[in-house]
Amino acid sequence: MVKKVVLAYSGGVDTSVCIPFLKNEYGIENVIAFAADLGQGDELDAIRDKALLAGASESLVGDLIQPFIKDFAFQAIRANALYEGRYPLSTALARPLIAKHLVDVARKLGADAVAHGCTGKGNDQVRFDLAIATLAPDLKVLTPAREWGMSREETIAYGEKYGISAPVSKKSPYSIDLNLLGRSVEAGPLEDPFVCPPEEVFDITSSIEEAPDQPEDILIGFEEGNPVSINGVSLDPVELMRKANLIAGIHGFGRIDMIENRVVGIKSREIYETPGLLLLIRAHQELESLTLPVDVIRTKQMLEIKWAELVYQGLWFSALKDAIDGFFDRTQNDVNGFVKIRLFKGNATIIGRKSNTSLYVSNMSTYGSDDNFKHNAAEGFIYIWGLPNRLWAMRKKQKNK
Ligand code: ARG
C-alpha cells in the first residue's frame, strides 16, 4: 500500500488532475509534486501554488537548467544526435534528468512510489518508466493518466470538481512541450501530414519573411567537443544555449517538420523549433570533420545513429549508451577550434572552420607549388585498390562471350 508518492508535475491539466486522482482513487495520503525548471520560462511560483491548490501535501521545484544543458544537451552535441536524421531530441533529453530527480526526491522524503502523468501513446512514458526502473528498481511507478481512460473533457471536469481550473487557452488545439532546448508542437491541424503548419505554431523562430534581410556571421568556439564561446565571448553552458537560440531564432533557423516513428509503433507528425541546439550540432559536426581521422568519423557516424535511437527510446541509462559515450568521450579531446556560420533567412551555412588540432595539412591538400603529396604513389595504390574489381570485371566479360 503506497502512502507517499512523488509526482512529476508540470502545472498542466493532466498532471494537476493526477493529484486528486492519486489521493481519491489510489487512496494515497501524501502526494508530493515535483516540478522541474528546464528553462521553459514558466511562472514557477504559480506552478508551486497550483499543485498545493490541487491538494498536494508538498510542492517542490527543482532548478535543473544547469545539468540539463551541461550534462544532457552538451552530450547530445558531442554525439551529433539527430533522431531519424533530423530531430535533436530536445524533449527526449529532459526525461531521464527529471526521472533522476524524481527518484532522488523520493529517496530523500522516504516515498514508496513515484508517479507521472504521461498517457499510454507517447514516448515519454517509456522514458520515465525505463529510467526509474534502472535507477530505482524497488520504487513503484504509478501512472494514473495511462489508466484513467478519461477523455480531455472528462479530465477537465474531474479537475474542476477539485478546484483545478480549466486551461485558459482551451481553444489552443496544440500539444506543446517547451524547454531551453526548444519547442515540440503536435496535434490540432498538424495531425494532417499534408497541412502546412500555420504560423501560429511557431514561437521562438522567425518566419522567412520576418527574418532580417541582412545575413549575420557568427563564430562558435569549441573545447574538447563542448561549445564554449560565441563571437569570441566565453559563455557558460546555459548562457551559451540562450544566446545560440536567440541568434539562430531571429534568422528563422531551426524549424523542423517531420513524421517520426514513436516507440509505441505509431507515426506522428511533429513540428520542432530547436534553433540553438541544431546550430551547435551543425557547428560541432563541422569541427569534427576537420579534426578527426576518417575511420573515427565513419565509426562515430554509425554509433551516433544508435545513440540517438537509444535516447529517443528511453534508454539514456543503459549499458550500451554508457559504452558508446565512452567511445565518444575518447574522440573529443581533439575537437577544439572555431566554426564560422552565416545565418540568413532560415539557413545556417558553414563558411569557415579552424583548429590548432586540425588534420588539414596544407602541403598535402594544396594545389600550389609547396605541394608535398607523392603523386607517383597514387598509381600503385590504385592498381592494388582496384584489383578485386578488375578480376570481377574480367570474369564477367569471359562469361558473356
Ligand atoms: N515527439 C517528441 C519526443 O518524443 C516530443 C514529444 C512531446 N511533444 C509534444 N508536442 N508535447 O521526444
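One quarter of the convex hull surface built on the alpha carbon atoms of the chain amounts to 27.1 nm², the projected area averaged over directions.
Let me make sure I get this right: for the stretch 63-219, a, b and c are the square roots of the gyration tensor eigenvalues over alpha carbons, sorted descending. Under 1.5 in a/c it's rounded, otherwise prolate if a/b > b/c, else oblate. Which is it?
In terms of gyration-tensor shape, oblate.
Each part reduced to its alpha carbon centroid, the stretch 121-144 and the stretch 192-237 end up 33 Å apart. Using R0 = 30 Å, the C-beta based FRET efficiency linking Lys267 and Ala319 works out to 0.55.
For the stretch 350-401, rounded, prolate or oblate, judged on the Cα gyration tensor with a ≥ b ≥ c (square roots of eigenvalues), a/c < 1.5 rounded, else prolate if a/b > b/c? Taking the square roots of the gyration eigenvalues as a ≥ b ≥ c, the stretch 350-401 is prolate. The ranking of Cys118, Cys18, Cys196 from fewest to most other beta carbons within 10 Å of each one's beta carbon is Cys196, Cys118, Cys18. Straight distance only, please: which aspartates and glutamates reach the Cα of Lys396 with their own Cα at less than 17 Å, same-chain residues fewer than 8 apart left out? Those aspartates and glutamates meeting the cut-off do not exist here.
Calculation over all alpha carbon pairs of the stretch 145-207 in 5 angstrom steps from 0 returns a P(r) of 3, 13, 18, 21, 18, 14, 9, 3, 0 percent.
Normalising the Debye intensity of the stretch 17-147 to I(0), with uniform scatterers on Cα atoms only, and taking log10 at q = 0.13, 0.18 Å⁻¹ returns -0.58, -1.09. Stokes-Einstein diffusion of the stretch 268-369 at 4 °C, 1.567 mPa s viscosity, Kirkwood radius from Cα pairs, rounded to a whole number: 82 µm²/s. Let me make sure I get this right: for the stretch 203-321, a, b and c are the square roots of the gyration tensor eigenvalues over alpha carbons, sorted descending. Under 1.5 in a/c it's rounded, otherwise prolate if a/b > b/c, else oblate. Which is it? Oblate is the answer for the stretch 203-321, as a/c is 1.5 or above yet b/c matches or exceeds a/b. With one equal scatterer per alpha carbon and no solvent term, the Debye-computed log10 I(q)/I(0) for the stretch 61-122 at 0.12, 0.21, 0.27, 0.30 1/Å reads -0.39, -0.94, -1.14, -1.23.
Relative to the 2.2 N^0.38 Å rule of thumb, the stretch 95-174 has a C-alpha radius of gyration ratio of 1.27. Within the set Lys4/Lys108; Lys3/Lys23; Lys300/Lys374; Lys243/Lys340, which residue pairs have Cα atoms separated by over 19 Å? Lys300/Lys374, as the Cα separations exceed 19 Å there. In terms of the mean number of neighbouring beta-carbon atoms within 10 Å, the peptides 224-237, 355-368 order highest first as 224-237, 355-368.
Taking packing as the residue-averaged number of other Cβ atoms within 10 angstrom, the listed peptides 302-313, 343-354 run from highest to lowest as 302-313, 343-354.
Put simply, when 127-135, 145-153, 275-283 are sorted by average Cβ atoms within 10 angstrom per residue, most first, you get 275-283, 127-135, 145-153.
Every read-out reported here was derived from the displayed coordinates using simple, explicitly stated rules and does not represent laboratory data. Because the structure is a prediction, the values reported are computed rather than measured. Glycine also receives a Cβ, built like all others from the backbone with ideal geometry; neighbour counts cover every protein chain displayed.
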